Amino acid sequence: MAHPNGHAVELHHVSKVYRQGAIPVRALDGVSLRVPAGAFVAIMGASGSGKSTLLHIAAGLTTPDAGDVSLFGQALQRLSDDELTRFRRERVGLIFQTFNLLPTMTALENVGLPLLIQGKPLAHIRPRALALLDAVGLSDRRDHRPDELSGGQQQRVAIARALVHDAPLLLADEPTGNLDSRAGKDVLGLIRDLARQHARTVILVTHAPDAAAIADSVVHLADGRLVDGLTGQ
Ligand SMILES: Nc1ncnc2c1ncn2[C@@H]1O[C@H](COP(=O)(O)OP(=O)(O)O)[C@@H](O)[C@H]1O
Ligand SMILES: [Mg+2]
């Protein structure tokens, strides 16, 4: 995707402190990270190291306490809440460990949801959702609801949903965490192949060393700090 500075994601000295409990938790501590457009980056780190916080900040779902976040050259703090919501819906596809499918909707309806939310006409949504279900090998499960699908199949539906609206940035938070090793491998291969095919930028948060092995580069988080990798500036 063409844009002025060639970076899909730029975090500059980003910090986040959670103050809900008696003791404030510094989840991110001055993280700077640049992800070139089209790159596939894995983020690894122990539980509690700040991986999900980093991903949510990159998605514009969480606002940092300090620092700057830009996606495709757009500084997120310059956007109003409404603009940020629209920007996120258009630019970001999210994949979660727990799939997050709507239980009352069929696989096809779940995949089409991002387009429905964008107000696209049904005549556009249906063929597009079917094409993505086909791409993840689940055309024959289009009318199944999530509880009628295996974990691996549910995650494939979630991958189709994350890609259906052509968002240039794909963010995945431990997408294989609830899958057995075979289904996990399938899901990772699918994310890699589809991301390549559709020229998406991917940030994958993971524990799995084999997941990190399919990435172009790996960065490590420890106690809210990046310990190596693409630390820009
Ligand atoms: N909403 C929240 N409120 C308070 N503390 C939080 C919240 N989310 C995360 N934390 C804390 O921030 C730290 C980093 O969490 P997280 O980003 O979820 O790490 P990871 O995804 O690497 O396990 C942890 O110590 C966690 O307990
Ligand atoms: Mg997490």
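The values are calculated or read from the model by the stated rules, or taken from the named source; none is laboratory data. None of the values given here were measured: they were computed from a predicted structure. Glycine also receives a Cβ, built like all others from the backbone with ideal geometry; neighbour counts cover every protein chain displayed.
Specify which of the listed residues (Arg19, Arg89, Arg78) is over 21 Å from Leu204 (Cα atoms), more than 16 Å from ligand 2 (Cβ to nearest atom) and modelled with pLDDT under 95. Of Arg19, Arg89, Arg78, the one residue that is over 21 Å from Leu204 (Cα atoms), more than 16 Å from ligand 2 (Cβ to nearest atom) and modelled with pLDDT under 95 is Arg19.
Identify all residues within the range 82-101 that are without any contact (Cβ under 8 Å) to a residue 60 or more places away in the chain and within 16 Å of Gly151 (Cα to Cα); write none if there are none. Across the range 82-101, the qualifying residue is only Asn100.
Can you name every residue in the range 23-43 that is of a type in the set (A, V, I, L, M, F, W, C), away from ligand 1 (no atom under 11 Å from the Cβ) and not in a strand (DSSP E or B)? Those that are of a type in the set (A, V, I, L, M, F, W, C), away from ligand 1 (no atom under 11 Å from the Cβ) and not in a strand (DSSP E or B): Ala37, Ala39. Mind checking which residues of the range 118-146 are assigned to a helix (DSSP H, G or I), touching a residue at least 12 places away in the same chain (Cβ under 8 Å) and farther than 14 Å from Asn100 by Cβ? Correct list: Ile125, Arg126, Arg128, Ala129, Leu130, Leu132, Leu133, Ala135, Arg141.
Under the condition of being in a helix (DSSP H, G or I) and within 14 Å of the chain's Cα centre (by Cα), the residues counted in the range 158-186 number 6.
For Gln77, the conditions (1) of a type outside the set (Gly, Ala, Ser); (2) assigned to a helix (DSSP H, G or I); (3) touching a strand residue (DSSP E or B) at 6+ places or on another chain (Cβ under 8 Å); (4) under 27 Å from His198 (Cα atoms) are fulfilled apart from (4). Taking every residue in the range 45-58 that is in contact (Cβ under 8 Å) with a residue 24 or more places away in the chain and closer than 17 Å to Phe96 by Cβ and pairing it with any residue that is aromatic (Phe, Trp, Tyr) and within 9 Å of ligand 2 (Cβ to nearest atom), at least 6 positions away or on another chain, yields no pair with a Cβ-Cβ distance below 9 Å. From the set of residues in the range 167-218 that are among the small types (Gly, Ala, Ser) and touching a strand residue (DSSP E or B) at 6+ places or on another chain (Cβ under 7 Å), which is nearest to Ile57 (Cα to Cα)? Taking the candidates together, the pick is Ala172.
Taken together, the residues in the range 44-63 that are within 12 Å of ligand 1 (Cβ to nearest atom) and part of a loop (DSSP other than H, G, I, E, B) amount to 7.
From Thr104, Thr53, which residue is under 30 Å from Leu149 (Cα atoms), surrounded by 14 or more Cβ atoms within 10 Å (Cβ to Cβ), modelled with pLDDT of 95 or more and among the hydroxyl-bearing types (Ser, Thr, Tyr)? Going through Thr104, Thr53 in turn, the sole match is Thr53. Do we have any residue at all in the range 155-172 that's within 22 Å of Val35 (Cβ to Cβ) and within 16 Å of ligand 1 (Cβ to nearest atom)? Yes: the range 155-172 contains one or more residues that are within 22 Å of Val35 (Cβ to Cβ) and within 16 Å of ligand 1 (Cβ to nearest atom).
Within the set Gly48, Gly38, Gly60, the sole residue that is within 16 Å of ligand 2 (Cβ to nearest atom), on the phi > 0 side of the Ramachandran plot and either modelled with pLDDT of 95 or more or surrounded by fewer than 22 Cβ atoms within 10 Å (Cβ to Cβ) (or both) turns out to be Gly48. Scanning for something buried (at least 18 other Cβ atoms within 10 Å of the Cβ) and on the phi > 0 side of the Ramachandran plot, does the range 190-204 turn up at least one residue? There is no residue in the range 190-204 that is buried (at least 18 other Cβ atoms within 10 Å of the Cβ) and on the phi > 0 side of the Ramachandran plot.
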